[in-house]
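Q: I'd like to ask you about the structure that follows.
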Amino acid sequence: FISAMIDSVMTNYWVDSTRIFCCGSSNGGVMSFKMACQLSNRICAIGSVGGLMSEGIVEGCKSTHAMPVIMIHGTEDDIVPRNGIAGIWMGLDETLNFWNPASDIPQSRVYDYIGRGKTSTGVIQVMKGTIGPNPDKCMNVGYEMLGGGHEWPVSETRFEIHASTELWRFFSKWQLQDGAAV
């Protein structure tokens with residue numbers, strides 16, 4: 001269905017076929033991971049807000065390229081818990097590490113304060129998994145909303161982060177070239 005939808009949009013509108021991205025919230029985020037596995041020849045990068053990778057997707061995952069991934073997740077999400085549920089969802093760290101294209105490059109945890117937090121320690125934790133010497137070109141990025149639930153953050157919330165802006169900021173760095181994201 002998604003492949004047919006991409007074809008339909010490309011037939012009716014001008015679309016750069018090297019810059020097709022998939023993102024969603026909750027189950028839509030899970031769908032993004034499935035598209036990364038099944039349509040990686042067409043999908044350049046993916047994003048998930050409040051969704052984790054289903055353990056059922058892992059076994060059949062055959063991405064044709066190192067897939068750039070951005071995730072935004074609340075630490076107090078009681079619908080899709082941040083640490084996953086055994087047999088159902090992988091946790092945030094496990095999901096990011098699954099998509100880390102080079103296992104010898106460790107997942108680094110960087111604590112960034114973004115905007116005005118309601119606590120003395122800030123409200124956002126940013127995890128970045130970089131590849132190569134360019135730290136601005138992160139292959140995967142995870143934002144944790146400390147104390148956040150199952151929500152799509154916008155600037156007006158206590159997290160002072162706008163998910164749509166962060167997704168586009170990440171996606172804008174990527175395009176497919178010869179079957180790989182560069």
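Q: With a 1.4 Å probe and every protein chain kept in, tell me what percent of the accessible surface of the stretch 1-54 is carbon plus sulfur.
A: Roughly 57 percent of what the probe reaches on the stretch 1-54 is carbon or sulfur.
Q: Something else: In what sequence, highest mean first, do 58-66, 28-36, 82-90 appear when ranked by Cβ atoms within 10 angstrom?
A: 28-36, 82-90, 58-66
Q: Multiply the residue gap between Thr11 and Gln177 by 0.36 nm, knock off their C-alpha separation, and tell me the result in nm, one decimal place.
A: Extra length from Thr11 to Gln177 when fully extended: 57.7 nm.
Q: Right, something else. For the stretch 2-73, report the translational diffusion coefficient in µm²/s to the nearest whole number, using Stokes-Einstein at 10 °C, 1.306 mPa s, and a Kirkwood Rh over Cα pairs.
A: 128
Q: Taking amide H positions as placed in the peptide plane 1.01 Å from N, state which residues far from Ser26 in sequence (5 or more) or on other chains have amide H under 5 Å from it.
A: Val49, Gly50, Gly51
Q: According to a simple spin-label model (label point 7 Å from Cα along Cα-to-Cβ), what is the distance in nm between Val58 and Ile85?
A: Modelled inter-label distance: 1.7 nm.
The values are calculated or read from the model by the stated rules, or taken from the named source; none is laboratory data. These figures come from a predicted structure and were not determined experimentally. Cβ sites come from the backbone with ideal geometry, for glycine too, and all protein chains shown count toward neighbours. The accessibility values were calculated without ligands, DNA or RNA, using every heavy atom of the protein model including side chains. Shrake-Rupley method; radii C 1.70, N 1.55, O 1.52, S 1.80 Å.
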